[in-house]
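*Asks:* This is the structure, below, for whatever I ask next.
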Amino acid sequence: MKRFFDRPDTQWRSLTGALHLYALPDPSDPVIARTSKEGARIGRWPGLALQPPLFLHMTLQRLDLYREDMDQMTWNHLLEGMEKVSSDLDPFTVEFARPCIRETAIEALGTPVGQWHQAVTAIRGAMTELGLGSSLTDEPFGPHYTFAYCQNDTSSREDAQLGKALERVCKPHSWRVDTLHLVAVEQRPDEGVFRFERLYCWPLGI
């Protein structure tokens with residue numbers, strides 16, 4: 001694997017406070033306990049940083065936008081727009097394969113469903129209507145979450161050994177999405193992880 005934090009999409013204007021729209025599991029969702037257990041069994045590997053289970057997330061849209069970029073009226077319109085998006089979406093479930101080695105991280109890939117595409121499209125459309133379309137980054141390639149980030153380049157031999165450990169330890173599972181979260185994200189390349197502050201949460205379909 002190659003170092004995740006050398007990717008162009010990690011070169012933010014500021015590493016603290018970037019606004020993103022996430023699907024987050026409920027604190028009682030089994031996915032958190034399962035990921036925590038799997039991470040403990042995987043343990044420490046050279047060049048690898050496990051994402052803290054409490055900061056597990058599925059990105060719906062990453063924004064090149066910070067709270068200080070907006071006046072109060074624009075901020076209020078953003079919140080109102082996301083509330084409307086959420087009310088128009090129905091809850092849905094994503095089925096995930098076990099985490100696997102990718103180019104720069106260990107990721108669990110989900111099977112795309114119509115509601116996933118609908119959510120991403122609705123968010124992007126609303127941001128454009130709000131006059132914030134220039135803040136949109138590329139949409140996510142599909143539903144996924146990151147189990148661990150590559151903090152330093154790893155060898156093919158290390159990757160092969162880690163891949164076998166992931167097959168032994170990790171299992172497929174599902175993730176129920178019934179809320180939309182606006183978060184302020186902190187990128188921590190020194191730790192090799194992302195942490196975030198939950199700003200707003202809107203239930204889907206209400």
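The values are calculated or read from the model by the stated rules, or taken from the named source; none is laboratory data. Just so it is clear, the structure is predicted and the values come from calculations on it, not from any experiment. When we count neighbours, we look across all protein chains shown, and the Cβ atoms used for this are built from the backbone with ideal geometry, even at glycine. The protein model used for the area step is the full one, side chains on, heavy atoms only, and it has no ligands, DNA or RNA in it. Shrake-Rupley method; radii C 1.70, N 1.55, O 1.52, S 1.80 Å.
*Asks:* Dipole of the chain (Lys/Arg Cβ +1, Asp/Glu Cβ -1, origin at the Cα centre): which of Leu89, Pro25, Ile206 lies farthest to the positive side?
*Replies:* It is Pro25.
*Asks:* Quick one: work out the % antiparallel among DSSP beta bridges in the chain, nearest 5.
*Replies:* The antiparallel proportion sits near 100 percent.
*Asks:* Moving on. For the chain, what relative contact order do you get, as a whole percent, if you take Cα pairs closer than 8 Å and at least 6 residues apart?
*Replies:* About 37 percent, as a whole number.
*Asks:* Could you tell me the calculated FRET efficiency between Thr121 and Ala160, based on Cβ-Cβ distance and R0 = 35 angstrom, to the nearest 0.05?
*Replies:* 0.35
*Asks:* Ok, one more. Length gain on complete extension for the stretch Glu197 to Glu129, per 0.36 nm per residue less the alpha carbon to alpha carbon distance?
*Replies:* This chain segment gains 21.9 nm when fully extended.
*Asks:* From the square roots a ≥ b ≥ c of the eigenvalues of the alpha-carbon gyration tensor of region 30-181, which class results: rounded (a/c under 1.5), prolate (a/b over b/c), or oblate? Walk me through the numbers before you get to the answer.
*Replies:* Working: a/c = 2.52, a/b = 1.86, b/c = 1.35.
Verdict is prolate for region 30-181.
*Asks:* Rank these residues by their accessible area, most exposed first, probe 1.4 Å: Ser86, Ser134, Ser174.
*Replies:* If we order Ser86, Ser134, Ser174 from most to least accessible, we get Ser134, Ser174, Ser86.
*Asks:* Around Arg3, which amide H atoms from residues at least 5 apart in sequence, or from another chain, sit under 5 Å from its own amide H, with H modelled in the peptide plane?
*Replies:* Residues meeting the amide H criterion: Asp153.
*Asks:* What net charge do the residues around Pro99 carry, taking every other residue with its C-beta under 15 Å from that of Pro99, with Lys and Arg at +1 and Asp and Glu at -1?
*Replies:* Around Pro99, the surrounding residues sum to +2.
*Asks:* In whole Å, what is the distance between the alpha-carbon centres of region 141-166 and region 61-77?
*Replies:* 34
*Asks:* Taking the highest mean first, how do the peptides 12-18, 180-186 order by number of other beta carbon atoms within 10 angstrom per residue?
*Replies:* On the way: 12-18: 14.7, 180-186: 20.3.
Highest to lowest by the protection proxy: 180-186, 12-18.
*Asks:* Shifting gears a bit: According to the square roots a ≥ b ≥ c of the eigenvalues of the Cα gyration tensor, what is the shape class of region 107-186, taking rounded for a/c under 1.5, prolate for a/b larger than b/c otherwise, and oblate for the remainder? Don't jump to the answer; show the numbers that get you there.
*Replies:* Working: a/c = 2.91, a/b = 1.84, b/c = 1.58.
Note, shape of region 107-186 comes out prolate.
*Asks:* Now a separate question. Evaluate the distance, in nm, between pseudo-label points positioned 7 Å from the Cα of Lys37 and of Ile206 along their respective Cα→Cβ axes.
*Replies:* The answer from the label model is 2.9 nm.
*Asks:* Working out 0.36 nm times the residue gap between Ala97 and Thr111, then minus their Cα-Cα distance, what length gain in nm do you get to one decimal?
*Replies:* Details: separation 14, 0.36 × 14 = 5.04 nm, distance 0.81 nm.
Contour length minus the Cα-Cα distance gives 4.2 nm.
*Asks:* Separate question: Round to a whole number: what % of the accessible area of the chain belongs to carbon and sulfur, probe 1.4 Å?
*Replies:* C and S fraction of accessible area: 50 percent.
*Asks:* I'd like the orientation of helix 156-169 relative to the chain: the angle between its Cα long axis and the longest Cα principal axis, in ° from 0 to 90, rounded to 10.
*Replies:* So the inclination is approximately 80 degrees.
*Asks:* I've got another one for you. What is the set of long-range amide H partners of Val193 at a cut-off below 5 Å, with H atoms built 1.01 Å from backbone N?
*Replies:* Correct list: Arg188.
*Asks:* State, to one decimal in nm, how far the label point of Glu139 lies from the label point of Trp75, with both points 7 Å from Cα in the Cβ direction.
*Replies:* 2.9
*Asks:* Relative to the longest principal axis of the chain, what angle (0 to 90°, nearest 10) does the C-alpha long axis of helix 114-129 take?
*Replies:* 50
*Asks:* I need the calculated FRET efficiency for the pair Glu167 and Lys2, taking r as the beta carbon distance and R₀ as 22 Å, to the nearest 0.05.
*Replies:* In this case the efficiency is close to 0.50.
*Asks:* Hey, what angle do you get for helix 30-42 against the long axis of the chain, alpha-carbon based, 0 to 90 degrees rounded to 10?
*Replies:* Long axis of 30-42 versus the principal axis of the chain: about 30 degrees.
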